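One structure is given here, and the rest of the page talks about it.
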Amino acid sequence: MRTKSISKPVTTNKPRVNVVTLGCSKNIYDSEILMGQLKGNHFDVVHEAEKVNSDDIIVINTCGFIDNAKQESIDTILQYSELKEQGKVGKVIVTGCLSERYKPELEAEITNVDSWFGTNDLQNLLSSVGADYKHELIGERLLTTPKHFAYFKIAEGCNRPCSFCAIPLMRGKHLSSPIDQLVKDAQQLAKNGTKELILIAQDLTYYGLDLYGKRNLDELLRRLSDVNGIEWIRLQYAYPSGFPMEILDVMNERDNICKYMDMPLQHISDDMLRSMRRGITKQKTIDVVNQIRDKVAGIAMRTTLITGYPGETERDFEEMQQWVEDTKFDRLGCFTYSHEEKTHAHSLVDDVPEDVKQQRADVIMEIQQGISFDKNQEKIGNTYKVLVDKKDGGYFVGRTEYDSPEVDNEVLIDAKIDYATIGSFVNVQIDTAEDFDLYGHIVK
């Protein structure tokens, strides 16, 4: 009797690779590309598996952006290197921003990590585990998000000179991906069930300058908007200086481009903006926000701010506080300043005490909480198209076009009353609202 040979390719002597991702959505994207390559090399690959095996290869994709993120990355490396010492995992490999920036120091301090790789070392990382970089897999990814949405990186690196930011040190100069390749990647994702593309880069609005000699985000948006099966396209990380207003025309033309804009503004005081090297003034910042809101009716604007930057006076902070109250952003996050080596701002005195930085951030977030509550109360009685992300406890949880995953508002649908398929769009009428949550029922 002949034995079937079909099972032989599945049985492999290759150890399992467990990828652990820290930091931002750009790291999530990089991990997904790595996992796609490993799968193409017939590795058993998992993402952040809780149970580890004694022969697992652990790949930690680190973040090195600010102090808290660096500490989380170091703690994670130490955790897995200890498991390696105990014989509970096989190898520990570190990649990403932290090892790009601090590889010599990390190698000297944590000696039992097998390999250290930077942000552009994918081919070398693959080679270290016995895998080949497969050009035919460009664009192939193993999504770590639910399959109905995907982070979609359109460029790497950054050319901006912001004084507080270490990203150019870790990610290099801005490099746009060609439009034709991005369209192919989007088509592949759509074929596999992705309905929402969340466009990410260090700076979306610089897109195309290096490849096409002009800002070309508007053309990219039109091309992606034409991809069959993509129902939402969302923009994250737009820069205010040199903002290409023509993308707002595309947003108005195309129903599947979300009326949503994530534009980190960092501060509003002219003294702070100048020291931060943002290339924009208070008045120009206000003008950009107003122009965007005037041109796209009902757009939701998200921003992030920094408190405690060197030299920030009480007057600077009060100016920002008043601006937040007046502008009423739909979504807002606030971070305390982190004094980063080799950045321009590191030459300044980090003179705002940590408790004052945090107190100021708390004040901003308290103001935003009230703004968010008032805006959500206005939504009661209205019906919105909602993408259902998951079921959590007794609720189906989804988002409107005005909300990004993880960071923005959620819509909760009582599962005892309504049923929704994960990854589907439903129309939801809002019944009640809190600061950051909306509760509603499905309207047939």
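Things to note:
- Placing dummy labels 7 Å off each Cα toward the beta-carbon, the span from Asp431 to Val356 is 4.9 nm.
- Each DSSP beta bridge with both residues in the range 65-216 is either parallel or antiparallel, and the antiparallel ones are about 20%.
- The range 260-404: relative contact order as a whole-number percent, Cα under 8 Å and 6+ apart: 23
- Bins of 5 Å, starting at 0 and running to the largest distance - Cα pair percent for the range 5-95: 3, 14, 23, 23, 18, 11, 5, 2, 1, 0, 0
- With contacts taken as Cα pairs under 8 Å and at least 6 residues apart, the chain reaches a relative contact order of 10 percent.
- The Cys residues in the chain with no partner Cys Cβ within less than 4.7 Å of their Cβ are Cys24, Cys63, Cys97, Cys158, Cys258, Cys334.
- Ranking by accessible area, most exposed first, for Asp435, Asp255 with a 1.4 Å probe: Asp255, Asp435
- Solvent-accessible area of His344, all protein chains in place: 100 Å² (probe radius 1.4 Å, heavy atoms, ligands and nucleic acids excluded).
- Base-10 log of normalised Debye intensity for the range 102-141 (one unit scatterer per alpha-carbon) at q = 0.32, 0.35 Å⁻¹: -1.12, -1.17
- Residue-level accessible surface for Ile268, protein heavy atoms, 1.4 Å, Å²: 0
- Tyr337, Tyr29, ranked by accessible area, largest first (probe 1.4 Å): Tyr29, Tyr337
- Kyte-Doolittle mean at least 0.5 and Cα axial length at least 24 Å: DSSP H helices in the chain: none
- Taking the C-alpha atoms of the chain, convex hull volume expressed per residue in Å³: 178
- Angstrom value of the Kirkwood radius, inverse mean 1/r, which spans all Cα pairs in the range 118-269: 16.6
- Percent of Cα pairs exceeding the 21 Å cut-off, where the set is the range 46-152: 41
- The Stokes-Einstein estimate for the range 324-400, based on a Kirkwood radius over Cα pairs and taken at 37 °C with 0.692 mPa s viscosity, is a diffusion coefficient of 204 µm²/s.
- For the range 323-432, trypsin sites (Lys or Arg not before Pro) meeting the loop criterion (DSSP other than H, G, I, E, B) and having at most 11 other Cβ atoms within 10 Å: Lys342, Lys416.
- Across the range 109-258, the mean sequence separation of Cα contacts (distance under 8 Å, 6 or more residues apart), normalised by length, yields a relative contact order of 21 percent.
- Rolling a 1.4 Å probe over the protein heavy atoms leaves Glu325 with an accessible area of roughly 70 Å².
- Residue ranking by accessible heavy-atom surface, 1.4 Å probe, largest first, among Arg16, Arg315 comes out as Arg315, Arg16.
- Here the dipole of the chain is about 1980 debye; that uses its Cα centre as origin and unit charges on the Cβ of Lys and Arg (positive) and Asp and Glu (negative).
- Per-residue [θ]222 nm for the chain (sum of -39500 (n - 2.57) over DSSP H runs n ≥ 4, rounded to 500): -10500 deg cm²/dmol
The values are calculated or read from the model by the stated rules, or taken from the named source; none is laboratory data. These figures come from a predicted structure and were not determined experimentally. Glycine also receives a Cβ, built like all others from the backbone with ideal geometry; neighbour counts cover every protein chain displayed. SASA here: full protein model, heavy atoms, side chains in, ligands and nucleic acids out. Shrake-Rupley method; radii C 1.70, N 1.55, O 1.52, S 1.80 Å.
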